[in-house]
1. Looking at (1) more than 13 Å from GLY104 (Cβ to Cβ); (2) surrounded by 16 or more Cβ atoms within 10 Å (Cβ to Cβ), which is the only condition ASP34 fails?
2. I need a count of the residues in the range 95-127 that are of a type in the set (Phe, Trp, Tyr) and within 17 Å of GLY15 (Cα to Cα).
3. State which residue pairs qualify: first residue closer than 22 Å to ALA31 by Cβ and inside the range 80-99, second residue part of a loop (DSSP other than H, G, I, E, B) and modelled with pLDDT of 90 or more in any location, beta carbons under 9 Å apart, and separation of 6 or more residues or different chains.
4. For the range 37-53: of the residues being part of a helix (DSSP H, G or I) and either in contact with a strand residue (DSSP E or B) (Cβ under 7 Å, 6 or more places away or on another chain) or surrounded by 14 or more Cβ atoms within 10 Å (Cβ to Cβ) (or both), which is modelled with the highest pLDDT?
5. Every residue in the range 107-120 that is assigned to a helix (DSSP H, G or I) and either in contact (Cβ under 8 Å) with a residue 60 or more places away in the chain or at positive phi (or both), please.
6. Pairs please, first residue from the range 29-46 and farther than 14 Å from GLY93 by Cβ, second anywhere and of a type in the set (S, T, N, Q) and crowded, with 16+ Cβ neighbours inside 10 Å, Cβ atoms under 7 Å, 6+ apart in sequence or on different chains.
7. Restricting attention to the range 1-36, and to residues there that are polar (S, T, N, Q) and in a helix (DSSP H, G or I), which single residue is nearest to ILE98 (Cα to Cα)?
Amino acid sequence: MARHVIALMSGLLFGAGLAYSGMSDPARVQAFLDIAGNWDPTLAFVMGGAILPMAIAWVFQKRMAQPVACDTFDLPGTSKIDSKLAIGAVLFGAGWGIGGLCPGPAIADLALATGPALVFVVAMLAGMIVHRFAKI
């Protein structure tokens with residue numbers, strides 16, 4: 001039960017942070033990516049501001065025997081950069097640039113801008129289903 005409460009509170013905090021910072025606003029994301037036009041650096045400050053707490057979290061994680069609400073840490077098994085990772089990153093970036101949304105903000109936007117976010121989330125889920133069955 002504690003795991004579910006922690007997950008819910010973490011999700012609510014993450015969603016509130018996305019909404020407050022403007023990262024759930026596709027226009028702001030697209031303005032950040034428009035470096036040759038009317039560039040908006042706000043998103044760079046949001047991402048930069050996330051680095052410090054994450055760096056602190058990694059220091060704490062390395063000193064912990066196990067997570068607070070789970071038996072083991074679920075960390076990536078490899079740090080290998082291969083073609084699948086590179087192609088996935090390019091597809092993610094292209095989708096983010098075209099749609100102005102990525103998965104986290106899209107889910108948060110379901111509460112704020114239902115129409116556009118719903119189209120994105122349905123397409124995202126369809127892509128996940130295709131990936132699962134294609135076994136890429």
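The values are calculated or read from the model by the stated rules, or taken from the named source; none is laboratory data. Because the structure is predicted, anything quoted here is derived from the model rather than measured. With ideal geometry, Cβ positions are generated from the backbone for all residues, glycine too; neighbour counts draw on all protein chains shown.
1. All conditions are met except number (2).
2. Total satisfying the criteria: 1.
3. none
4. Among those residues, the one meeting the criterion is THR42.
5. ILE107, ALA108, ASP109, PRO116, listed by residue number.
6. Every condition considered, the pairs that remain are VAL46/SER21.
7. Once the filter is applied, the top-ranked residue is GLN30.
Yes/no matrix, rows are residues, columns are (1) more than 30 Å from TYR20 (Cα to Cα); (2) surrounded by 11 or more Cβ atoms within 10 Å (Cβ to Cβ); (3) modelled with pLDDT of 85 or more:
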site	(1), (2), (3)
ALA55	no, no, yes
TRP58	no, no, yes
ALA65	yes, no, yes
GLY77	yes, no, no
ASP82	yes, no, yes
ALA89	no, yes, yes
